[in-house]
């Protein structure tokens, strides 16, 4: 892809690694150069490359990209709503504090926000605070923005004005002011602006508070508290006049983003700095909960068409546990998985709503369906039940295959939805049954996607606990499940059956189960077991026994529900289309083997770069980056390399003999050699100063 394509349509970023192939149906009468020009012109408007050995129709390629964009826009909206909901509580408290902040004993009102590993949440809070209807100006200050007090003040003033008015208005305020010209770090500029705009609060947010120089922070807070310019002249803060405090003229509110804890941050501050602020603590929730909610929205949304399999899901959660990761970072990795699926899978176009009306020929698409492993398994199952004609039609009739593919694709997506409905039911049941060991949505989803949840101890324990519930607890549980799970025929039928039983029996109190804790018996011998069971049953009424029979029927119904719904997605026909279950694209991109990636980029640069000419890829040419050329020459050399020989070979490949610009070529050679040395691949030789020694071998 070229630069114009990346700017125009691919805001998805990332590097695409693929090997282009020549189309098979090339006209023989046309020259190779002309063919390449025509091919490049046809592909210029495509943001995804044609697949199926280059035979994929351009309309299907565009539809594939449009489907990816459409599906991801829906997920982006869900992610935005989830993050706003997570931040809403602390945002309301923080906004209330900012709007009602006032001087207490002459101290600067300060908010201490503990963000932990969720670094991005502070940025979201500040953006919402800046866009709030209240007249508050938010200035975000990083440690790099404050190397000195003057620079910090200059950045505060400039940011406060430019965020609302723009750079031109800032320059106008700075230069066109009546009277003596003020220096760019003079807080009088900010005072005049705040008074003119009737700003109620000026929030200075220190994003990475622990990284700020404590002395500079003390000088800045002292200047705000006591006023005057003595601090800028390196005079003692105690000599400042409290009556000239900037707090009386500029409504400052400080906000510190803390990655550790408010107690540690307070102890790290000098006593003189701590005495200048009046703080209130705000604590963000753990990032793990937001990641679980985002993952749940990807898998259980109302109109989900593509699911992540257990391999990428396991990788994503393992990475989020091992490293500090923001919810936005997690969403970006899922987006990459989605994009990988649509980029490399030609059949992903079948997920489009418009595929049934697509006019291009479907022969190549149908042939791709016939090559799927799930298609072979599907045909084998049809043969086992003697449906030979159906298999024949699927193999020979493209129209029939396409129609059946759309039907079975919808069926498979419906079964995936049922799978996650069962997962949500298990999550609700284990929460309300107060089981000793509960799993979160991510753990249950990964196990369900792997096909391990149906016969798991978790499901067996839930079914066993259900048989012990009394009638009131069961009624409450079924009502809660129906409320949280929404439409589910099984639980609606269970609730109706229980309500009908209670109405028929005219139950006024709570009925007990014979499987409950009141029916203890010793599991030693059959005789003792029957004796204790009979003893326990004597305390149960006839209604209790009939209620126990009802529980047995409910248990059987629920067991059948889990057995039916908790299928292995890999067994579904066409799972390769609606299930992305590849781990390597994510692993190679987000946890790459650094040395392998560098060696591959240098030895085969056109795996990552678009060739600028029609030269054959994989051969040394002047179109490759200079470092890649020198590295490939380096691979062909022995352990000791003559620098002059290396230079002459490089000079010949670059084409310096033809252009005659030896100085420019030598500059490129010296730069490339320096980069190889920085990578630790070469080092100077003490014995032979005109040679360099290899210090790394490819693959070792």
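Any read-out appearing in this document is the output of simple, stated calculations on the displayed coordinates, not a laboratory observation. The shown structure was predicted, so the numbers you read here are calculated from the model rather than taken from an experiment. Note that we place each Cβ from the backbone using ideal geometry, even for glycine, and neighbour counts take in every protein chain shown.
Remarks
- Sites residue 541 and residue 564 - FRET efficiency at Förster radius 30 Å, r taken between beta-carbons, to 0.05: 0.30
- With Cα atoms as the point set, region 372-461 shows a radius of gyration and Dmax of 18.5, 56 Å.
- Label reach from residue 215 (point 7 Å along Cα→C-beta): in region 146-177, amide nitrogens under 15 Å belong to 147-150.
- Separation of alpha-carbon centers, region 144-164 and region 314-384, rounded to whole Å: 48 Å
- Using equal-weight Cα scatterers in the Debye expression, the normalised intensity of region 593-694 in log10 at q = 0.14, 0.18 Å⁻¹ is -0.54, -0.89.
- Counting beta carbons within 10 Å around each of 272, 346, 548 and listing the fewest first gives the order 272, 548, 346.
- Annotation: region 101-285 has a Kirkwood hydrodynamic radius of 16.9 angstrom, from the mean reciprocal C-alpha pair distance.
- Relative contact order (%) - criterion: Cα under 8 Å, at least six apart; region: region 329-459: 13 percent
- Label-to-label distance for residue 131 and residue 622 is 5.2 nm, based on points extended 7 Å past Cα in the beta-carbon direction.
- For region 289-407, the Stokes-Einstein estimate of translational diffusion at 10 °C and a viscosity of 1.306 mPa s comes to 93 µm²/s, using the Kirkwood hydrodynamic radius over alpha-carbon pairs.
- Gain in span if fully extended, residue 62 to residue 382, counting 0.36 nm per residue against the direct Cα distance: 111.7 nm
- Working ranking of peptides 584-595, 188-199 by packing, defined as the average number of other Cβ atoms within 10 Å per residue, highest first, is 188-199, 584-595.
- Three-way shape call for region 149-202 based on the alpha-carbon gyration tensor, with the a/c threshold at 1.5: rounded
- Pairwise label distance in nanometres, residue 70 with residue 635, each label 7 Å out on the Cα-Cβ vector: 4.4 nm
- Each residue, residue 678 and residue 175, gets one label point 7 Å from its Cα in the Cβ direction; the gap between the two is 3.7 nm.
- Here r is the Cβ-Cβ distance between residue 323 and residue 303 and R0 is 41 Å; the resulting FRET efficiency, rounded to 0.05, is 0.85.
- Length-normalised contact order for region 101-285 - Cα pairs under 8 Å, 6+ apart - percent: 39 percent
- Per-pair calculated FRET efficiency, R0 = 22 Å: residue 571 and residue 455 via Cβ, rounded to 0.05: 0.90
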